[in-house]
Amino acid sequence: MPVVRSFPTFEGPDWLAQLTSSALTRGACLTINCTTCGATPFKQALWAQATAATPLLPENEIAEQLATLPEDTSPEALRFVIDQLYKRVGQAGLDRLARSFADTPAGWEYRRMQAHAKAIARQRADNTHLNSPEYAEERRAERAAQHAERLAAKAIRDAARRDGGDA
C-alpha cells in the first residue's frame, strides 16, 4: 500500500469519523509512538482539523468528536486519538475531557487503556525487586555457589580420569 502523506480536509459535525475512516481505508499509520513515521500525516490532519473547527480549544473539539464516533470505529484509531489528547493535556486534562465521551466507544476504549496502564504499572512494581542491588548480590552469590559445585564435580571427574577410572 502506498505511503499516506496527507489527508483531505473533512467538514461537518462528524469530521473525526470521516478522518479515521479515511485513514483506515488508505492504510495510514495509526501506531502510537511509531518510530518510522510517527504517524505524522494523521497527527497533522487531526490537529489541523480540530484547530480549524475550534481555534482556541482544539482539545475540546477532539473530545466532542470522540463522543460522536460510531461503535464500529477502529480501536487503534480511538487509542491513537486518545493518546494524542493525553500528550497535549496530560493525565488530569484527559480525565477532564474524557467526561464528554465517557459512555461512548471512545470512553470504553479509554477505560481499557487505563486498565492496561494499571496492569503494566503493577507488573513493573512486582518486578522492581529484580533490579535492586540486594537481589543482584543474592543472584551473584547463587551463581558463584553453583560454579563452585561444578568446579568440584569437574575436579572429581578429572582425578578419576587421571587414576584410570570412570567417573
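The values are calculated or read from the model by the stated rules, or taken from the named source; none is laboratory data. Not measured: the values here are computed from a predicted model. Counting neighbours? That spans all protein chains shown, and the Cβs are built from the backbone with ideal geometry, glycine included. Just so you know, the surface numbers come from the protein's heavy atoms only, side chains and all, with ligands and any DNA or RNA stripped out. Shrake-Rupley method; radii C 1.70, N 1.55, O 1.52, S 1.80 Å.
Key figures
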item: Fully extended contour minus Cα-Cα distance, from Arg96 to His116, at 0.36 nm per residue; result: 5.2 nm
item: Net charge dipole size for the chain [Lys, Arg +1 and Asp, Glu -1 on Cβ; Debye, nearest 20]; result: 640 debye
item: For the chain: relative contact order, % (alpha-carbon pairs under 8 angstrom, 6 or more apart); result: 17 percent
item: Using alpha-carbon coordinates, inclination of helix 75-98 to the longest axis of the chain, degrees; result: 80 degrees
item: Net charge contributed by nearby residues that have their C-beta within less than 13 Å of Ser21 (K/R +1, D/E -1); result: -2
item: Computed [θ] at 222 nm, helices only, for the chain once each DSSP H run of length n ≥ 4 contributes -39500 (n - 2.57); result: -23000 deg cm²/dmol
item: For the chain: accessible area per residue (Å², 1.4 Å); result: 64 Å²
item: Carbon plus sulfur fraction of accessible area for the chain, probe 1.4 Å, in percent; result: 54 percent
item: FRET efficiency for Gln44 and His147, using Cβ-Cβ distance with R0 set to 41 Å, rounded to 0.05; result: 0.10
